[in-house]
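Inspection log for the structure reproduced underneath, given as structure tokens.
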Amino acid sequence: MLLNIETSMILILVLMVGILVYLGFRIVAVKEGTIAVIERLGVYYTTWNPGLHFLLPFFDRIRRTTSLKNENVIKFIPIAVQIIQYSIPTVSSKDKQYFDLTIQTSLQIIDPKMYIYGVNNPAMIIQSMFSSSIRELAIQTEYQDIIYEMSSNTSAFILQMNQSIQIWGVTLHQIEFININKITK
């Protein structure tokens, strides 16, 4: 039994509305101050700046990554400078004094493609790099000279860190040593 014209028109209308709704969900608004990395068929395709964009159905997707500030998964990557605090537990000085250290950094993502594809979890790797670099500096310094040495070598430390982390699309603008707590054993 064939469908009458009214029934077939209703089916076509419902199908067209469904297609339009689906295509409407493929329109993506990239907010000001963020960017999005787009993959086509699972490979890097392009980076979108703020504005309205259209994802090709079944081919394109927005690549998600972890935030610099925490372990949250994010879809849009912030391009502004981000202030991030790191706690570095149990650092040893040259004279075998132990202390905890808190630093505050100003980091900025300069290459979103390298940030996403350079390493699996960039936030964790960067924190590990800070920890190992500070431990390396502290082991060469007496405890009473730690604050002076770290403050006076800030520009050299920033230069050293930037050489290490720029391969992941991140640059360090500033570092400040916030808190040093001596551990008595």
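No lab work stands behind these numbers, since they all come straight from the coordinates. Here the structure is a predicted model, which is why all the values come from computation and not from measurement. As a convention, Cβ positions derive from the backbone with ideal geometry for all residues, glycine included, and neighbour counts pool all protein chains shown.
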- prompt: Applying the selection to the stretch 118-141, what residues are under 14 Å from TYR98 (Cβ atoms) and out of contact with any helix residue (DSSP H, G or I) (no Cβ under 9 Å at 6 or more places or on another chain)?
  reply: ARG135, ILE139
- request: Being closer than 20 Å to VAL81 by Cβ and small (Gly, Ala, Ser) is the filter here, so list the residues in the stretch 97-132 that pass it.
  value: SER106, GLY118, ALA123
- prompt: In the stretch 1-55, what residues are surrounded by 10 or more Cβ atoms within 10 Å (Cβ to Cβ), within 24 Å of SER67 (Cα to Cα) and β-branched (Val, Ile, Thr)?
  reply: ILE27, VAL28, VAL30, THR34, ILE35, VAL37, ILE38, THR46, THR47
- request: Would you mind stating whether SER151 is within 19 Å of ILE180 (Cα to Cα), without any contact (Cβ under 8 Å) to a residue 60 or more places away in the chain and among the small types (Gly, Ala, Ser)?
  value: yes
- prompt: Could we say that ASN120 is farther than 17 Å from GLN166 by Cβ, free of Cβ contacts under 8 Å to residues at least 12 places away in the same chain, of a type outside the set (Ser, Thr, Tyr) and surrounded by fewer than 16 Cβ atoms within 10 Å (Cβ to Cβ) here?
  reply: yes
statement: Flagged pairs (Cβ under 8 angstrom, 6 or more apart or on separate chains; first in the stretch 163-174, over 11 Å from GLN82 (Cα atoms); second small (Gly, Ala, Ser) and assigned to a loop (DSSP other than H, G, I, E, B)) are ILE167/GLY118; TRP168/GLY118; GLY169/GLY118
